[in-house]
1. When the residues of region 35-74 are filtered to those that are open to solvent by 50 Å² or more (accessible area, probe 1.4 Å) and at pLDDT 95 or above, which remaining residue is farthest from Arg22 (Cα to Cα)?
2. Restricting region 75-90 to residues that are polar (S, T, N, Q) and in a helix (DSSP H, G or I), which is least open to solvent (accessible area, probe 1.4 Å)?
3. Exactly one of (1) modelled with pLDDT of 95 or more; (2) in contact with a Gly (Cβ under 8 Å, 6 or more places away or on another chain) is unmet by Arg77. Its number?
Amino acid sequence: MTSFERDDAEQPGFDLHEWESRWASIEEDLDGNHDAALSQLAELVERMLLATGYSVDDPVAGQGDEPEVLVTYRSARETAERAELGAASRGEVELAIDDLRDVFTALSGDVGVD
C-alpha cells in the first residue's frame, strides 16, 4: 500500500467524493471573492493532507513526506493568511490557488479509491 492508498479503518473521514464536491463548490465561487476561496481551498487541502498521512504543521516530522507537496501547501496557506489581512496581491492569490489545485490533483489522483 502506498502512502496515498487508504484503509478506511486507518483513515477515518477519508472521503474523496466529498473533497471533489467541496472543491467544485469552492471553484464556482472564485469569481466572487478570490481571497475567501483561497482560504477555503487551503483548509480543504489541509484536511486532505492530514487524512493521507502528511504532517502539515511539524517540519521535522514532515521531512519524510514528499517535501514539494508540503512546501507548496505551506506557501499557499501563508498567502491565504496574508490575503485575509489584505496583504496579498491578486497575482499572489491566483498563484496560490493554482498551487493548491496542483496539490489537490496530486492527492486525489494518487489516492487509489476503489
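The values are calculated or read from the model by the stated rules, or taken from the named source; none is laboratory data. Note that the coordinates shown come from a computational prediction; the quantities given were computed from them, not determined experimentally. Positions of Cβ are generated from backbone atoms using ideal geometry, with glycine treated the same way; all protein chains shown enter the neighbour counts. We work out accessible area using only protein heavy atoms, side chains counted, and drop any ligands, DNA or RNA first. Shrake-Rupley method; radii C 1.70, N 1.55, O 1.52, S 1.80 Å.
1. Looking at residues that are open to solvent by 50 Å² or more (accessible area, probe 1.4 Å) and at pLDDT 95 or above, I get Glu43.
2. Per the criteria, the residue is Thr79.
3. (2)
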